[in-house]
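Each remark here refers to the structure printed beneath this line.
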Amino acid sequence: MALINPSGTLLLECGQDHTRDAVCASLVDLNYERVSMVFEPGTFAVKGSVVDVFPSNHNQPIRLDFFSGPLERMQSFRIDTQRSLSSIERTTIAFADHHEAARFENHHRLMDSAVLSNIHVGDYVVHERHGIGIYNGFIRLTVGDREGEYVAIHFKGADKLYMPLDQIPLIHRYSGSVAHPALNGLHDGQWGRTCQRAHRALQTMATDIYAMFKKRQSIPGFACGPDCDMQLQFEMTFPYTETPDQLAAIRAVKRDMESNVPMDRLVCGDVGFGKTEIIVRAAVKAALNGKQVMVLVPTTILCDQHYHTFSQRCNAIGLVVKAVSRLQPAVVNRRIVQDFNHHRIDILIGTHRLLSADIAPKQLGLVVVDEEQRFGVRHKERLKQLTHSIDILTTSATPIPRTLYLSLTGAKQMSTLKTPPPGRQPIRTIVSAFSPTLIQKHIELELNRGGQVYFLHNTIDELPHIESLLHDWVPQARVRVAHGRMKATELADVMLAFYQKAFDVLLCTTIIENGLDIQQANTIIINRADRLGLSQIHQIRGRVGRCSTQAYAIVLYPEGGLLTDETRDRLQALKEAIGLGMGYQLAMKDLEIRGAGTLLGEKQSGHLTAIGFDLYCKLLDQAIRKVRGETADHGHQLSLSQTPNVFIPARYIPNDSERLAMYQRVLTTKNRMGVKALLLECHDRYGKAPKSVRSFFDAIMNQFDL
């Protein structure tokens, strides 16, 4: 039966006598693409009696439940958690134009329990008891009178393991510094010896970390006083409403600064989420307590922007702010350094020039390291010397693994900014093969609304060719080029001209990755995204969408080009994790995909490669707990060995990645209420659970106390 009406749309109402298959066929006729999970407009997914669809004319996807035959339930749902929001009685689904439909993003972050597993068939995995193998998915086996679902893992040679479901918490996706690690045998004892060596090395490392942490805790630092009237008046000049996360981070920073233990705090927040204001308030607090402040930034452009921001805010309360920069003559910089050393300057902003030996302030109280992932090991060693007993505040949108690791082990305090500022519109992002038509269209759209465009292509020698193409495609657009080989003054002139709207399109390299805040530029085209890391793409994308104007990011990969598996993984992760506030997750995903070889330096990278990042972090956490004298938390070990024939059938959760994620969540749940909540989530996402699924959940719930 044709369900599409003469206007070319599909009208749906609860109670309507449409079958699931007829609706799916109509969606195909309306150009909808069938996928395993709905993340973007123009797609639909079938999960048993449930059909998820993201209509191109809707802001949110909707869930259709055909459990009893006809259309029984319709609800909108969140992309990030895949959980239902509000009921719908009647709706219309329009034709899906995949060229027009931007991938919609919402303001939510993925919750702690992800809806997709990060382990896929063919991935290297680490089994904590058996070592490194290859994940081959699920297999149904009947042993005697017991039927069950098992996880198939291939180890060295002909060794195979059919792993019971209750061992799922023991496997992790392998991520290390090699793409193809050596497989372990099940019976040669090699894995046990590898783990013993790693244990010994980690125990030594944990002892060193804890000693460093205790030493810093024992060094008396300067304790700032409570906020004075001038500080409070200064903060009232902030022209925006603080987000709850911003306020919490500001309170934490001030609490650290008022302690006599030197502060060492990381503020991790997505681009444009308010890290700069936290820096400014910390700097002002230190200065009003008679201390000097250094603000270390990675680029000359960011140095210039921070200088203007700090000057505008701080001059009114009598604080002296200066910057040392390549944009100034050397004689000017030398005079500024002298003035800073003699405390005639309160706040000094600069790039790595601040780490030079001639910087020797008399009353240094706070060092801020902004976007610290851009600084190298040598710079950080110099920082250690400078910050031995003073407060240090570090910010990052995508924290590097070393910082994550220090944070996770408790050696560094951490504040996370998750909430977008009020009025912020999510960036609409299109991930597409290279298309001149798409490029032309989006540049013209931006120019027609009076805005500007970034076009990023990260190969300097190819920029003239790209510039020529842009002139051909959009002849009315004024284009200028910016890259790292330009003289500092020339680069600054280009950026200033762009800020002043003297031209329309900035064709550039990743030099814009940090530090630009040009609110009228709200379209960014990122070419050859296959050459960039996930967290880098996310960071670059954050150059737009910094105000209430709808922003667009066009992420392009070569048309018809052969992409590596790693590149496909990165682009897929970008599609799945798109959204405001996702920098932290993207950085972690990038770490998994690209490897963590440089995480801990040469001495430790061998152990990390041998056992994988996840197990390495788990063992390190256990080692840290041991040296602190804490009891190891091994959790509640759940077992299914006493309950035969319990599993989640593929007909209920057809997508193996979703099913594995649900197993992972259920088998690591801490209490009965958590298990019940997951069963209700299954009812919501996949329809009413059959008896076999309820039996599986009952078998888990029965292992917890009432």
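Does the stretch 513-524 include one or more residues that are of a type outside the set (Phe, Trp, Tyr) and touching a Pro at 6+ places or on another chain (Cβ under 7 Å)?
Filtering the stretch 513-524 for residues of a type outside the set (Phe, Trp, Tyr) gives 513-524.
Still in the running and touching a Pro at 6+ places or on another chain (Cβ under 7 Å): 514.
Yes, the stretch 513-524 has at least one match.
Right, Arg193: without any contact (Cβ under 8 Å) to a residue 60 or more places away in the chain, surrounded by 20 or more Cβ atoms within 10 Å (Cβ to Cβ) and in a helix (DSSP H, G or I) or not? Reasoning before the result, please.
On the way: without any contact (Cβ under 8 Å) to a residue 60 or more places away in the chain: yes; surrounded by 20 or more Cβ atoms within 10 Å (Cβ to Cβ): no; in a helix (DSSP H, G or I): yes.
No.
For Val479, work out the one condition from (1) farther than 18 Å from Arg546 by Cα; (2) exposed (fewer than 15 other Cβ atoms within 10 Å of the Cβ) it doesn't fulfil.
Unmet condition: (2).
Take the stretch 128-150 and flag every residue that is touching a residue at least 60 places away in the same chain (Cβ under 8 Å) and of a type in the set (A, V, I, L, M).
Ile132
Residues checked against (1) closer than 17 Å to Asp346 by Cα; (2) in contact with a helix residue (DSSP H, G or I) (Cβ under 9 Å, 6 or more places away or on another chain):
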| site | (1), (2) |
| --- | --- |
| Ala282 | yes, yes |
| Gly290 | yes, no |
| Tyr307 | yes, no |
| Gln328 | no, yes |
| Val331 | no, no |
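Just wondering, is there one or more residues in the stretch 30-39 that are on the phi > 0 side of the Ramachandran plot, modelled with pLDDT under 90 and not assigned by TED's automatic domain parsing to the domain that holds Arg651? Steps first, answer last, please.
Within the stretch 30-39, the subset on the phi > 0 side of the Ramachandran plot is 31.
The next check asks that each one be modelled with pLDDT under 90; those that pass are none.
No.
Has the stretch 282-290 got any residue that is closer than 20 Å to Asp370 by Cα and of a type outside the set (Gly, Ala, Ser)? Reasoning before the result, please.
Start the filter on the stretch 282-290 by keeping residues that are closer than 20 Å to Asp370 by Cα, which leaves 282-287.
The next check asks that each one be of a type outside the set (Gly, Ala, Ser); those that pass are 284-285.
Yes, some residue in the stretch 282-290 is closer than 20 Å to Asp370 by Cα and of a type outside the set (Gly, Ala, Ser).
Just to confirm my filter: which helices (runs of 4 or more DSSP H) fall fully inside the stretch 613-706 and include at least 1 residues that are of a type in the set (Ser, Thr, Tyr) and touching an Asp or Glu at 6+ places or on another chain (Cβ under 8 Å)?
On the way: elements: 613-628, 656-667, 672-686, 691-701.
Per the criteria, no element qualifies.
Of all residues being among the basic types (Lys, Arg) and farther than 22 Å from Arg449 by Cβ in the stretch 525-558, which is modelled with the lowest pLDDT? Just the residue, please.
If we filter the stretch 525-558 for residues that are among the basic types (Lys, Arg), which is where we start, we get 528, 531, 541, 543, 546.
Filter once more, keeping what is farther than 22 Å from Arg449 by Cβ: 528, 531.
Details: Arg528: 91, Arg531: 84.
Filtering the stretch 525-558 for residues that are among the basic types (Lys, Arg) and farther than 22 Å from Arg449 by Cβ, the one modelled with the lowest pLDDT comes out as Arg531.
What residue, among those in the stretch 319-330 that are more than 14 Å from Val295 (Cα to Cα) and modelled with pLDDT under 95, is surrounded by the most Cβ atoms within 10 Å (Cβ to Cβ)? Explain how you work it out, then say what you get.
First, the residues of the stretch 319-330 that are more than 14 Å from Val295 (Cα to Cα): 319, 326-330.
Next cut, modelled with pLDDT under 95 only: 326-330.
Numbers: Arg326: 16, Leu327: 18, Gln328: 15, Pro329: 8, Ala330: 9.
My answer is Leu327.
Please go through the stretch 658-701 and pick out each residue that is of a type in the set (Asp, Glu) and touching a strand residue (DSSP E or B) at 6+ places or on another chain (Cβ under 7 Å). Reasoning before the result, please.
Residues of the stretch 658-701 of a type in the set (Asp, Glu): 658, 681, 684, 698.
If the condition is that a residue be of a type in the set (Asp, Glu) and touching a strand residue (DSSP E or B) at 6+ places or on another chain (Cβ under 7 Å), then Asp684 is the only one that fits.
Here are Arg628, Arg651, Arg672, Arg685: which of them is farther than 16 Å from Asp166 by Cβ and outside the structural domain of Gly144 (by TED's automatic domain parsing)? If you could, list the steps in order and put the result at the bottom.
On the way: Arg651 fails: outside the structural domain of Gly144 (by TED's automatic domain parsing); Arg672 fails: outside the structural domain of Gly144 (by TED's automatic domain parsing); Arg685 fails: outside the structural domain of Gly144 (by TED's automatic domain parsing).
The conditions single out Arg628.
Looking only at the stretch 113-147, how many residues end up being aliphatic (A, V, I, L, M) and in a loop (DSSP other than H, G, I, E, B)?
Just the residues of the stretch 113-147 that are aliphatic (A, V, I, L, M), to begin with: 114-116, 119, 121, 125-126, 132, 134, 139, 141, 143.
Checking which are in a loop (DSSP other than H, G, I, E, B) leaves us with 114-116, 119, 121.
Result for the stretch 113-147: 5.
Considering each residue of the stretch 430-451, count those that are modelled with pLDDT of 95 or more and either in a strand (DSSP E or B) or not assigned by TED's automatic domain parsing to the domain that holds Arg478 (or both), and give that number.
0
Restricting the search to the stretch 229-269, which residues are among the aromatic types (Phe, Trp, Tyr) and closer than 21 Å to Arg424 by Cα?
If we filter the stretch 229-269 for residues that are among the aromatic types (Phe, Trp, Tyr), which is where we start, we get 234, 238, 240.
Those that are among the aromatic types (Phe, Trp, Tyr) and closer than 21 Å to Arg424 by Cα: Phe238, Tyr240.
Return yes when Ile153 is of a type in the set (Val, Ile, Thr), part of a helix (DSSP H, G or I) and assigned by TED's automatic domain parsing to the domain that holds Val646 and no when it is not. Walk me through how you get there before you give the answer.
Details: of a type in the set (Val, Ile, Thr): yes; part of a helix (DSSP H, G or I): no; assigned by TED's automatic domain parsing to the domain that holds Val646: yes.
Considered against the rule, which asks whether it is of a type in the set (Val, Ile, Thr), part of a helix (DSSP H, G or I) and assigned by TED's automatic domain parsing to the domain that holds Val646, Ile153 comes out as no.
What number of residues in the stretch 331-350 are part of a helix (DSSP H, G or I) and closer than 14 Å to Gln292 by Cα? Before you say what the answer is, go through the steps one by one.
Start the filter on the stretch 331-350 by keeping residues that are part of a helix (DSSP H, G or I), which leaves 331-341.
From the residues that got through so far, the ones that are closer than 14 Å to Gln292 by Cα too are 336-341.
Here the count works out to 6.
Can you pull out every residue in the stretch 178-204 that is small (Gly, Ala, Ser) and at pLDDT below 90?
Within the stretch 178-204, the subset small (Gly, Ala, Ser) is 179, 182, 185, 189, 192, 198, 201.
Ala179, Ala201, listed by residue number.
This table checks each residue for (1) modelled with pLDDT under 95; (2) in contact with a His (Cβ under 8 Å, 6 or more places away or on another chain).
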{"residue": "Leu386", "(1), (2)": "yes, no"}
{"residue": "Thr403", "(1), (2)": "yes, no"}
{"residue": "Pro426", "(1), (2)": "yes, yes"}
{"residue": "Val453", "(1), (2)": "no, yes"}
{"residue": "Leu456", "(1), (2)": "no, no"}
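Restrict the check to the stretch 79-90 and report whether at least one residue is in the same structural domain as Cys24 (by TED's automatic domain parsing), surrounded by 16 or more Cβ atoms within 10 Å (Cβ to Cβ), over 17 Å from Lys47 (Cβ atoms) and at pLDDT 90 or above.
So far as the stretch 79-90 goes, yes, one or more of its residues are in the same structural domain as Cys24 (by TED's automatic domain parsing), surrounded by 16 or more Cβ atoms within 10 Å (Cβ to Cβ), over 17 Å from Lys47 (Cβ atoms) and at pLDDT 90 or above.
Restricted to the stretch 221-280, and to residues that are among the aliphatic types (A, V, I, L, M) and over 30 Å from Ser548 (Cα atoms), which residue is surrounded by the fewest Cβ atoms within 10 Å (Cβ to Cβ)?
Pass one, the stretch 221-280, residues among the aliphatic types (A, V, I, L, M): 223, 230, 232, 236, 247-250, 252-253, 257, 261, 263, 266-267, 271, 278-280.
Retained after the next criterion (residues that are over 30 Å from Ser548 (Cα atoms)): 223, 230, 257, 261, 263.
Details: Ala223: 11, Met230: 13, Met257: 24, Val261: 15, Met263: 25.
Looking at residues that are among the aliphatic types (A, V, I, L, M) and over 30 Å from Ser548 (Cα atoms), I get Ala223.
Looking at (1) modelled with pLDDT of 90 or more; (2) in a strand (DSSP E or B); (3) farther than 30 Å from Val267 by Cβ, find the lone condition where Ile466 falls short.
Going through the list (1) modelled with pLDDT of 90 or more; (2) in a strand (DSSP E or B); (3) farther than 30 Å from Val267 by Cβ, Ile466 breaks only (2).
Filter the stretch 205-220 for residues that are at pLDDT 85 or above and surrounded by 11 or more Cβ atoms within 10 Å (Cβ to Cβ) and give the result.
Residue satisfying the conditions is Thr207 alone.
For the structure I just gave you, tell me whether Val295 is under 22 Å from Ile518 (Cα atoms), in a strand (DSSP E or B) and touching a strand residue (DSSP E or B) at 6+ places or on another chain (Cβ under 9 Å).
Numbers: under 22 Å from Ile518 (Cα atoms): yes; in a strand (DSSP E or B): yes; touching a strand residue (DSSP E or B) at 6+ places or on another chain (Cβ under 9 Å): yes.
Yes; evaluated as a whole, the condition is true for this residue.
Residue-wise test of (1) assigned to a helix (DSSP H, G or I); (2) not small (Gly, Ala, Ser).
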| position | (1), (2) |
| --- | --- |
| Asp461 | yes, yes |
| Ala477 | no, no |
| Met486 | no, yes |
| Thr489 | yes, yes |
| Val494 | yes, yes |
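Taking into account only those residues within the stretch 662-686 that are crowded, with 16+ Cβ neighbours inside 10 Å and of a type in the set (D, E, K, R), which is farthest from the chain's Cα centre (by Cα)?
Top of the filtered list is Asp684.
Just the residues that are without any contact (Cβ under 8 Å) to a residue 60 or more places away in the chain and either under 18 Å from Ala699 (Cβ atoms) or more than 28 Å from the chain's Cα centre (by Cα) (or both), please, taken from the stretch 153-174. Give the steps one after another, and end with the answer.
As a first pass, look at the stretch 153-174 and keep what is without any contact (Cβ under 8 Å) to a residue 60 or more places away in the chain: 153-163, 167, 170-171.
The answer is Ile153, His154, Phe155, Lys156, Gly157, Ala158, Asp159, Lys160, Leu161, Tyr162, Met163, Gln167.
The values are calculated or read from the model by the stated rules, or taken from the named source; none is laboratory data. Quick caveat, the model's predicted, so the values are computed rather than measured. Glycine gets a Cβ as well: all are built from the backbone with ideal geometry, and neighbour counts include every protein chain shown.
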